[in-house]
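A.B. asks: Before we start, here is the structure in question, set down as structure tokens.
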Amino acid sequence: MAETFRAVTLDADKCKGCINCMRKCPVQAIRVRNGKASIDYDKCISCGNCIRSCPNRAISARYDSYDILNGYRYRVALLPSCMYGQFPHIYDAKLILNSLKNIGFDHVFEVARASDILSLLKRELFIMKDYKEAPVISNVCPACVELICSRYHSLADNLLDFLPPLGVAAKLAREEAREKSGLPDGDIGVFYLSPCPAKVQQIKSGYYSNIKELSGVLSIGETCKKLNLVDVADVRTDDDIKASNMGIAWSTCGGEASNIPNTKQLAVDGIESVVGVLKELEDGKLKDIDFVEMRACQAGCVGGVLNITNTFVAKSKIHTLRKTVLLNKNNVTDKVDKPQEFYKNNWKWETKDVFKLDGNVLKAMEKMSKIETILKALPGLDCGVCGSPTCRTFAEDIVNGTAGDSKCVGRINESFRAGKNARL
Ligand code: SF4
Ligand code: SF4
């Protein structure tokens, strides 16, 4: 059987068991046993928090190598706008766009052009109130989508029904490449430059396989390092920026929501805040909201873990770019000229039962009762020294038989003081 692709990977040899990653994981997918961390990939949403938090660089993201370009005669880069924020000293976005042609691409398609089109489609959607459930939740951030599908099932129907910009961009880019190159599809490679493992995972796990437009996914960070070696004098700035200010805004949190006028919106960034808002939505709070934009990374995709520039510097650069250099880019040049089906998401968001204690209700209840009993005996410190993120998850691990030899240090100390042997 083919190995399942994992965009977030852990090198046990480098892991020192410090529990930093375990503490930062928003879905409690990490355990540390016998001094080594491991990831439960059924629960992992590829948010990248553990990559950011590991002081030993034991956790990293996987993506395609640039060698993949060699398999195609005509190569297209799908450029996300957060890339413009990666070069704080270059104020000519055109230069960044065109320099991609100096590192192996024949054509560059801005993902923000698809965001432009989707902004127009969403305006129409909200005018017509043509959606299943309110509030409509953005599907742009795959980490947030995964979180909803694994933990907040009742909100899955609220996810926006259009393809995310990346999907629309891939389709349009391939069409454009066919026209420009005159080559058959097999000779054209379309590659996304990803700011995060969540998008790598989404692409590699087959989300876009039904449209077969994407040939691979590269990292923004690696791309920036290559671009830094390009001599500016060698860059021919033939192509202009085609995306508008509106589409480019999507790379910072709030940009997507701000393009839908006359709606009550929320724009939430940072996975902890996202979790908080999802809980409130699931509890039926925040009822009068029409649209919720969610981004797992702080400040939006400019904060993705594969970017190389400080999130706030990149965010400020994007804002400056929009206010100054791109002042003349207020109109969308691309047209919504395809049938609606072209832009629609024909992937069913699949909910997963990864957090269920047991598939059998009676067994699940029995387990729950045991967990509550064990929990009463634990100190409630949530210190993580046992290798589970909280006392509750430690109790769950004991009941599920996955706690191994782990012990509760709080209990050991207590017992030691009382002159007894610790049982947990
Ligand atoms: S990528 Fe995110 S969800 Fe996955 S293990 Fe790391 S912190 Fe947890
Ligand atoms: S906010 Fe953007 S960069 Fe961060 S995980 Fe979501 S899609 Fe990726």
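Each value in this text was obtained by applying a stated rule to the coordinates, not by laboratory testing. None of these values were measured; they are calculated from a predicted model. Cβ placement follows ideal geometry from the backbone for every residue including glycine, while neighbour counts extend to all protein chains displayed.
A.B. asks: Among residues other than residue 44 whose Cβ falls under 9 Å from its Cβ, what is the net charge (Lys/Arg +1, Asp/Glu -1)?
C.D. replies: With Lys, Arg at +1 and Asp, Glu at -1, the neighbours total -1.
A.B. asks: While we're on this one: For the chain, modelled as a GNM with alpha-carbon contacts under 10 angstrom, which of 238, 187, 382 fluctuates the most?
C.D. replies: 238
A.B. asks: With label points built 7 Å along Cα→Cβ from the Cα atoms of residue 95 and residue 124, find their separation and express it in nm.
C.D. replies: Here the answer is 3.9 nm between the modelled labels.
A.B. asks: Something else about it: Give the calculated FRET efficiency between residue 346 and residue 3 to the nearest 0.05, with a Förster radius of 22 Å applied to their Cβ-Cβ distance.
C.D. replies: The computed FRET efficiency comes out at 0.20.
A.B. asks: Between the range 224-247 and the range 55-88, what's the alpha-carbon centroid distance in Å?
C.D. replies: What the calculation gives is 15 Å, centre to centre.
A.B. asks: Next question. Which whole-Hz ³J(HN,Hα) couplings does the range 349-360 yield from phi under the Karplus relation 6.51 cos²θ - 1.76 cosθ + 1.60, θ = phi - 60°, glycine and proline marked x?
C.D. replies: Each residue's phi maps through the Karplus curve to give 5, 8, 7, 10, 9, 6, 9, 6, 6, 6, x, 8 Hz.
A.B. asks: Right, another one. When only alpha-carbon atoms are used, what values of Rg and Dmax, in angstrom, describe the range 27-94?
C.D. replies: Cα radius of gyration and Dmax of the range 27-94 are 17.8, 52 Å respectively.
A.B. asks: Moving to a separate point now. Residue 287 to residue 323: FRET efficiency via 1/(1 + (r/R0)^6), r the Cβ-Cβ distance, R0 41 Å, to the nearest 0.05?
C.D. replies: Here the calculated transfer efficiency is 0.70.
A.B. asks: Now a separate question. Below 11 angstrom from the Cβ of residue 166, what's the summed charge of the other residues (Lys, Arg +1; Asp, Glu -1)?
C.D. replies: Charge balance in the 11 Å sphere: +1.
A.B. asks: Using amide H atoms built in the peptide plane, which far-off residues or other-chain residues are under 5 Å from residue 216 H to H?
C.D. replies: Amide H neighbours of residue 216, under 5 Å, 5+ apart: 190, 192.
A.B. asks: Here's something else I'd like to know. Which of the residue pairs 129/264; 94/212; 101/323; 242/323; 94/171 have a Cα-Cα distance greater than 21 Å in the structure shown?
C.D. replies: Correct reply: 94/212; 101/323; 94/171.
A.B. asks: Packing-wise, with mean Cβ within 10 Å as the measure, how do 49-61, 383-395 rank, highest first?
C.D. replies: 383-395, 49-61
A.B. asks: Something else now. Given H placed 1.01 Å from N in the peptide plane, which residues other than close sequence neighbours of residue 44 have an amide H under 5 Å from its amide H?
C.D. replies: none
A.B. asks: Shifting gears a bit: Under 28 Å from the Cα of residue 367, which lysines turn up, not counting those fewer than eight places away in the same chain?
C.D. replies: Filter leaves 24, 36, 43, 279, 352, 356, 376, 407, 420.
A.B. asks: Which of these, 63, 192, 91, has the largest mean-square fluctuation under a Gaussian network model of the chain (Cα springs below 10 Å)?
C.D. replies: 91
A.B. asks: Still on this model: In whole Å, what is the distance between the alpha-carbon centres of the range 120-165 and the range 189-205?
C.D. replies: Using only Cα atoms, the two centres lie 20 Å from each other.
A.B. asks: Using the Cα centre of the chain as the reference point, and only Cβ charges (+1 on K/R, -1 on D/E), how large is the resulting charge dipole? Debye, rounded to the nearest 20.
C.D. replies: In debye, rounded to 20, the chain gives about 1300.
A.B. asks: Picking from 399, 27, 275, which is most flexible by a Gaussian network model of the chain using Cα springs under 10 Å?
C.D. replies: Looking only at 399, 27, 275, the biggest GNM fluctuation is shown by 399.
A.B. asks: Just going by the charge dipole of the chain, with Lys and Arg at +1 and Asp and Glu at -1 on Cβ, which of 102, 361, 54 is farthest out on the positive end?
C.D. replies: 54
A.B. asks: State, to one decimal in nm², a quarter of the convex hull surface area for the C-alpha atoms of the chain, i.e. the direction-averaged projected area.
C.D. replies: Over all viewing directions, the chain projects a mean Cα-hull area of 23.4 nm².
A.B. asks: Also, I was wondering about something else. Please report the equivalent ellipsoid semi-axes of the range 1-61, computed as sqrt(5 x eigenvalue) of the Cα gyration tensor, largest first, in whole Å.
C.D. replies: Over the Cα atoms of the range 1-61, the ellipsoid semi-axes are 17, 13, 11 Å.
A.B. asks: Based on the Cβ-Cβ distance of residue 366 and residue 402, what FRET efficiency does E = 1/(1 + (r/R0)^6) give at R0 = 25 Å, to the nearest 0.05?
C.D. replies: Step by step, r from the Cβ atoms, then E = 0.90.
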